[in-house]
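Visitor: Got a structure here, written out as structure tokens. Questions coming.
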Amino acid sequence: MCGIVAYIGFRPVLPVLQDGLKRLEYMGYDSSGIGLLDSGRLRIFKAPGKIRELEKKLENEEIKGNLGICHTRWATHGEPNEANAHPHLSAGGKIAVVHNGIIENYAVLKKKLLAEGISFASETDTEVVAHWIAKFYKGNLSQAVLKALEHVEGAFGIAVICEDEPDVLIGAKRGSPLVLGVGENESFLTSDVSTIVGHTQKIVYLEDNDVVTVSRAGFEVKNIRDKTVSREIQEVDNDFELVQKGDFPHFMLKEIFEQPEAIKNCIRGRLLLNDGNAKLAGLDKSLKELRSIDRIIITACGTSYYAAMVGEYLIEEWAGIPVEVEYASEFRYRNPIIGSNTLVFTISQSGETADTLAALKEAQNKGATVLSICNVVGSTIARTSNGGVYLHVGPEIGIASTKAFNAQVTVLSLIALLLGRQRRLSSVQGMEIVQAINSLPAAVEQALKLNDEILEIAKVYYKHTNFLYLGRHFHYPVAMEGALKLKEISYIHAEGYPAAEVKHGPIALIDANMPVVIVAPKDALFDKIVSNAREIKARGGKLIVVTTADSAPLDEFADHIIKVPSVNSALMPVITSIPLQLLAYHIAVLCGNDVDQPRNLTKSVMVE
Ligand code: M6R
């Protein structure tokens with residue numbers, strides 16, 4: 001997604017911004033740009049493609065200045081070319097703006113500007129903001145931004161500089177994240193706190209409609225009505241400095257292999273062995289309320305949605321509470337019915353996904369308590385929720401989510417256990433589940449030993465253009481997640497399906513060119529899925545089966561058998577997902593793709 005880093009202080013600004021761009025890179029982008037004051041003159045450098053293209057343009061530049069803004073763009077309005085890259089300039093070239101989000105009424109604003117004779121250099125919605133600020137500029141940038149934003153509809157996080165005000169950096173936000181980092185005689189604005197924690201850990205989370213005026217001496221936050229508001233400075237941890245690929249060729253592979261440790265961190269201190277229960281500090285205040293809920297809605301996007309589907313089965317199985325799972329993008333506009341005993345969960349790794357945030361607010365607006373499962377501490381969704389549980393798996397850098405998925409499922413199992421113990425699970429049953437959850441890191445470790453075997457299977461199939469992924473019950477969402485992993489990094493078409501549904505249509509696709517990945521551990525539905533596998537085989541499909549020991553009769557007719565360790569059947573998604581992550585990874589590498597930053601994708605989707 002688009003990213004912003006801006007700086008005002010005493011250091012040479014260019015290296016600070018270049019470092020910021022590199023740290024934003026993991027989010028995914030298709031062009032980048034820098035705007036800075038060089039010896040008092042506003043200069044802009046932009047390039048489509050990777051940041052190295054921008055660096056080439058900066059190679060022979062000697063910049064003198066310590067105020068600037070930079071941006072990575074993920075195209076929404078206009079293709080990813082140099083003209084559309086940020087920053088955008090006002091007519092006359094004195095004011096530069098970088099922007100995340102979407103200006104919904106940009107067409108109306110643009111029409112008015114065109115009627116006034118302003119010409120446009122790009123197709124973006126952002127350029128309108130630069131011109132609109134200039135329209136109100138009378139020697140005070142902060143006032144001009146405030147006045148301009150009165151006319152702007154939509155979501156934005158912006159950083160603005162002006163050639164005539166070399167000691168001022170302005171930031172503003174509505175519906176898109178923007179945080180201020182406060183250092184000694186220097187300050188930073190960013191859309192992603194991980195980009196600046198190496199410089200300062202004193203952070204101000206700006207709120208919607210805040211406009212912050214930042215100078216070297218300090219900052220002042222005003223609301224849109226021009227009233228000064230107070231915002232607390234918070235200390236954040238500097239986890240992000242540690243994130244390196246180490247010996248791994250890609251962050252994605254590193255994160256897949258980190259999962260035993262990640263799950264250990266996720267469950268640490270949260271399992272009560274003797275009580276057969278889970279203790280989740282973020283839910284402590286809601287414990288009484290949790291006892292009376294009779295319906296749960298979980299809303300999320302992408303991989304987090306598939307984790308939610310596993311959660312649905314877990315909660316229904318252990319706690320007996322009806323659960324509905326809904327895409328956040330649908331939930332937010334659907335006028336959902338939320339009763340007084342309905343509890344809503346949102347799930348988001350980044351905690352910044354626009355649709356999930358909007359769904360959360362819609363649920364709160366209808367009176368629901370909303371608890372969230374997030375990874376990024378201090379993220380907007382985490383801060384907006386009424387409580388929740390962090391994953392504690394450290395930053396996930398690969399755009400394809402892996403360790404977050406399994407941590408989300410693990411957290412959902414803890415929640416299901418806690419809700420179950422309030423209802424129908426005995427302490428003995430609870431103790432068995434606690435032991436099963438505790439056994440996950442070791443089982444994941446075992447499953448990772450299949451890596452070489454899976455690489456060989458990937459070599460056979462990486463040139464295929466279509467895949468089907470099938471599963472039943474707990475493994476239907478796993479199949480969906482496996483297909484998502486494959487398509488997002490290999491660009492190969494893949495569909496996840498409930499295995500028994502295939503005969504209602506998709507079976508027509510099956511022939512010798514269709515690899516079918518079937519997730520079929522030995523569980524209550526094993527015989528059923530064996531029949532589904534036979535139906536595929538009978539039509540010439542190539543069968544790659546993820547199963548457990550004692551997998552006869554699958555061994556007789558599958559083309560490839562991947563045997564993962566067994567754990568409690570409700571927790572098996574954490575194990576069966578591992579070979580699917582590895583398969584997608586190896587196929588993508590063999591296809592020669594940029595695994596950590598696949599085309600068109602972004603780590604957190606902050607537009608709807
Ligand atoms: O940060 P979130 O969990 O809210 O993100 C939701 C999806 O955008 C995300 O899971 C996406 O589908 C990933 N690229 C999947 O690997």
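Visitor: Which percent, nearest 5, of DSSP beta bridges in the chain are antiparallel? Don't skip to the answer; put the middle values down first.
Guide: Values: 61 of 102 bridges.
Here the share of antiparallel DSSP bridges comes out near 60 percent.
Visitor: Loop-only check: which trypsin sites (Lys or Arg not before Pro) in region 406-503 are DSSP coil with at most 15 other Cβ within 10 angstrom? Before the final figure, lay out each step's value.
Guide: Numbers: sites: 421, 423, 424, 449, 459, 463, 472, 485, 487, 503; in loops: 423, 424, 449, 463, 472.
Those satisfying the criteria are 423, 424, 449, 463.
Visitor: Can you give the Rg to Rh ratio of the chain, both from alpha-carbon atoms, with Rh computed by the Kirkwood formula?
Guide: Numbers: Rg = 25.5 Å, Rh = 25.4 Å.
Rounded to two decimals, Rg over Rh is 1.00.
Visitor: With +1 on the Cβ of every Lys and Arg and -1 on the Cβ of every Asp and Glu, and nothing else charged, how large is the dipole of the chain about its Cα centre, in debye rounded to the nearest 20? Could the numbers behind the result be given before it?
Guide: On the way: 62 positive and 73 negative charges, 143 e Å.
Around 680 debye, computed over the chain.
Visitor: Assuming 0.36 nm per residue, please report the length gained on full extension of the stretch residue 112 to residue 151 beyond their Cα-Cα distance. Don't skip to the end; give the middle numbers.
Guide: Working: separation 39, 0.36 × 39 = 14.04 nm, distance 1.16 nm.
Going from the current span to full extension adds 12.9 nm.
Visitor: Report the local net charge at residue 332: Lys and Arg +1, Asp and Glu -1, summed over other residues whose C-beta lies under 12 Å from its C-beta. Could the numbers behind the result be given before it?
Guide: Working: positive: 334, 361, 366; negative: 326, 330, 355, 362, 608.
Local net charge: -2.
Visitor: While we're here: According to the Kirkwood expression over distinct Cα-Cα pairs, how big is the hydrodynamic radius of region 3-242, in Å? Mind dumping the intermediate values first?
Guide: Values: mean 1/r = 0.0574 Å⁻¹.
One decimal place: 17.4 Å for the Kirkwood radius.
Visitor: Continuing with this model, one more query. Work out the charge dipole of the chain with +1 on the Cβ of Lys and Arg and -1 on the Cβ of Asp and Glu about the Cα centre, then indicate which of 341, 310, 374 is farthest towards its positive end.
Guide: So the residue furthest toward the plus end is 341.
Visitor: Let me ask something else. Probe of 1.4 angstrom, ligands and nucleic acids ignored: what's the accessible area per residue over region 446-597, in square angstrom?
Guide: Numbers: 5520 Å² over 152 residues.
Here the per-residue accessible area is 36 Å².
Visitor: Determine the order of 104, 456, 556 by accessible area, beginning with the largest, at a probe radius of 1.4 Å. Walk me through the intermediate numbers first.
Guide: Details: 104 120, 456 95, 556 140 Å².
Order by accessible area, largest first: 556, 104, 456.
Visitor: For residue 116, what is the net charge nearby, where nearby means another residue's Cβ is under 15 Å from its Cβ and Lys, Arg count +1, Asp, Glu -1?
Guide: Values: positive: 110, 111, 112, 135; negative: 127.
Surrounding charge for residue 116 is +3.
Visitor: Calculate, for region 244-438, the solvent-accessible area per residue in square angstrom, rolling a 1.4 angstrom probe over the heavy atoms of the protein chains. List each step's numbers first, then the result.
Guide: Working: 7190 Å² over 195 residues.
On a per-residue basis, 37 Å².
Visitor: Would you mind checking the pairs 64/202; 449/603; 245/603 and listing those with alpha carbons more than 20 angstrom apart? Can you show the working numbers first?
Guide: On the way: 64/202 27 Å; 449/603 28 Å; 245/603 17 Å.
Checking Cα-Cα distances, 64/202; 449/603 exceed 20 Å.
Visitor: If you roll a 1.4 angstrom probe over the protein chains with everything in place, what fraction of the accessible area of the chain belongs to carbon and sulfur, to the nearest %?
Guide: 49 percent
Visitor: Expressed as a rounded percentage, what relative contact order does region 3-242 have, with Cα pairs under 8 Å and six or more residues apart? Write out the running numbers ahead of the final one.
Guide: Details: 599 pairs, mean separation 45.4, N = 240.
Relative contact order comes out at 19 percent.
Visitor: What does the accessible area per residue of region 3-242 come to in Å², with a 1.4 Å probe and no ligands, DNA or RNA counted? Present the calculation step by step, with values, prior to reporting the outcome.
Guide: Working: 9480 Å² over 240 residues.
It amounts to 39 Å² per residue over region 3-242.
Visitor: If contacts are Cα pairs under 8 angstrom and at least 6 residues apart, what is the relative contact order of the chain in percent?
Guide: Numbers: 1421 pairs, mean separation 73.4, N = 608.
It rounds to 12 percent for the chain.
Visitor: Taking the Cα centre of region 17-60 as origin, sum charge times position over the Cβ atoms of Lys and Arg (+1) and Asp and Glu (-1), and report the length of that vector in debye to the nearest 20. If you can, show how the numbers build up before the last one.
Guide: Details: 9 positive and 7 negative charges, 17 e Å.
It comes to approximately 80 debye.
Visitor: To the nearest 0.05, how large is the calculated FRET efficiency for residue 337 and residue 59 if R₀ is 45 Å and r is the Cβ-Cβ distance? Before the final figure, lay out each step's value.
Guide: Working: r = 59 Å, r/R0 = 1.32.
After rounding to 0.05, the efficiency reads 0.15.
Visitor: Please give the net charge around residue 557, taking every other residue with its beta carbon less than 15 angstrom from that of residue 557, where Lys and Arg add +1 and Asp and Glu add -1. Don't jump to the answer; show the numbers that get you there.
Guide: On the way: positive: 534, 537, 539, 542; negative: 527, 535, 555, 556, 559.
Computed value for this residue: -1.
Visitor: For residue 227, go through the aspartates and glutamates and keep the ones whose alpha-carbon is under 13 Å away, minus same-chain ones fewer than eight residues off.
Guide: 210
Visitor: Checking the cross-link filter: which lysines have an alpha carbon closer than 22 Å to that of residue 366, excluding same-chain neighbours under 8 positions apart?
Guide: 285, 288
Visitor: Turning to a different aspect of this structure: Can you give me the solvent accessible area of residue 309 with a 1.4 Å probe, rounded to the nearest 10 Å²?
Guide: 20 Å²
Visitor: Give the aspartates and glutamates reachable from residue 254 as a straight Cα distance under 14 Å; neighbours fewer than 8 places away on the same chain don't count.
Guide: Filter leaves 396, 445, 596.
The values are calculated or read from the model by the stated rules, or taken from the named source; none is laboratory data. As the structure is a prediction and not an experimental result, all values here were calculated from the model. Counting neighbours? That spans all protein chains shown, and the Cβs are built from the backbone with ideal geometry, glycine included. Accessible surface areas use protein heavy atoms only, side chains included; no ligands, DNA or RNA. Shrake-Rupley method; radii C 1.70, N 1.55, O 1.52, S 1.80 Å.
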